[in-house]
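Written below as structure tokens is the structure these notes are about.
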Amino acid sequence: MLDRDGDEVARATTLVRYAPNSTFPPHTHAAGEEFLVLQGTFRDDVGVYPAGTYVRNAIGSVHAPSIGPDGCLILVKLRWMAPEDTHAVVDTLHETPEWTTTDGGGRYLRLYASPATSEKAWMLHLPPGVTYQFKGNSGGHEFFIVDGSVEMTADAATSGEYGHYDWIRLPPQTAENVVVVRNPSPTAMARLFVKTDHLARFLDSSTPA
């Protein structure tokens with residue numbers, strides 16, 4: 001569990017590992033669900049989602065997970081959606097024409113932009129030695145290191161180096177609070193799942209992990 005706000009019914013961010021050949025009864029997403037498949041293949045009665053797939057299940061949607069013989073690991077966020085948010089499925093593993101090249105040589109893909117709030121989800125690829133800069137914003141930042149490692153320069157509590165499956169959350173900030181991430185590796189790609197502009201509705205604290 002990376003973050004939890006509530007008791008039995010809670011808004012949460014967590015890693016979930018499914019055992020091989022596990023099945024689950026249908027359940028409803030009362031406040032929405034989004035997840036990124038990290039390992040294996042996630043299956044349900046709606047689709048088949050291999051590693052690298054980003055999925056948003058809108059409020060009120062229903063599914064019944066049924067995992068294959070290899071099992072599955074996902075990063076999942078529960079109960080973070082607005083009623084206007086919609087279903088989405090995006091392949092983040094294979095770079096397509098939808099990816100945008102940054103001035104410094106990185107690449108990013110917009111996974112989702114909420115029609116009701118300022119929330120955005122991204123995948124950011126940083127080749128060896130490449131740096132990317134985020135401006136502070138009133139909705140905060142959240143980073144999950146999918147592959148590789150990054151050096152982050154932000155506030156005193158969160159500046160440092162982060163590696164595989166580390167999670168960092170920065171609170172809402174002003175535009176002057178710049179966040180810089182750099183891939184320090186001479187050979188390996190860094191892949192980050194990034195959320196922006198989504199915390200102001202819920203949070204006012206910074207939580208590195």
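Quick check, is L192 in contact with a strand residue (DSSP E or B) (Cβ under 6 Å, 6 or more places away or on another chain), modelled with pLDDT of 95 or more and outside the structural domain of L75 (by TED's automatic domain parsing)?
Yes.
Quick grid of which residues meet (1) touching a Ser or Thr at 6+ places or on another chain (Cβ under 8 Å); (2) of a type in the set (D, E, K, R); (3) in the same structural domain as G40 (by TED's automatic domain parsing); (4) crowded, with 20+ Cβ neighbours inside 10 Å:
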residue: A58; (1), (2), (3), (4): yes, no, yes, no
residue: G104; (1), (2), (3), (4): yes, no, no, no
residue: T117; (1), (2), (3), (4): no, no, no, no
residue: P128; (1), (2), (3), (4): yes, no, no, no
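Just the residues that are among the small types (G, A, S), surrounded by fewer than 20 Cβ atoms within 10 Å (Cβ to Cβ) and in a strand (DSSP E or B), please, taken from the stretch 155-200.
G160
Go through the residues of the stretch 30-45 one by one and say whether even a single one is at positive phi, at pLDDT below 90, assigned to a loop (DSSP other than H, G, I, E, B) and not assigned by TED's automatic domain parsing to the domain that holds M189.
Checked against the condition, which is being at positive phi, at pLDDT below 90, assigned to a loop (DSSP other than H, G, I, E, B) and not assigned by TED's automatic domain parsing to the domain that holds M189, the stretch 30-45 yields at least one hit.
Yes/no matrix, rows are residues, columns are (1) within 15 Å of E119 (Cβ to Cβ); (2) touching a residue at least 24 places away in the same chain (Cβ under 8 Å):
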| residue | (1), (2) |
| --- | --- |
| V16 | no, yes |
| A19 | no, yes |
| P26 | no, yes |
| V48 | no, no |
| G52 | no, yes |
| I59 | yes, yes |
| I67 | no, yes |
| P83 | yes, yes |
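Taking S118 as the residue in question, decide whether it is outside any strand (DSSP E or B) and closer than 30 Å to G60 by Cα. Please lay out each step first, then the result.
On the way: outside any strand (DSSP E or B): yes; closer than 30 Å to G60 by Cα: yes.
In short, yes.
In the stretch 131-153, what residues are farther than 22 Å from M189 by Cβ and either among the β-branched types (V, I, T) or surrounded by 15 or more Cβ atoms within 10 Å (Cβ to Cβ) (or both)? Give the steps one after another, and end with the answer.
Quick first cut of the stretch 131-153, residues farther than 22 Å from M189 by Cβ only: 135-140.
Result: G136, N137, G139, G140.
The values are calculated or read from the model by the stated rules, or taken from the named source; none is laboratory data. It should be emphasised that the depicted structure is a prediction, and the values quoted were computed from it without experimental measurement. Cβ: placed from backbone, ideal geometry, glycine included. Neighbour counts: every protein chain shown.
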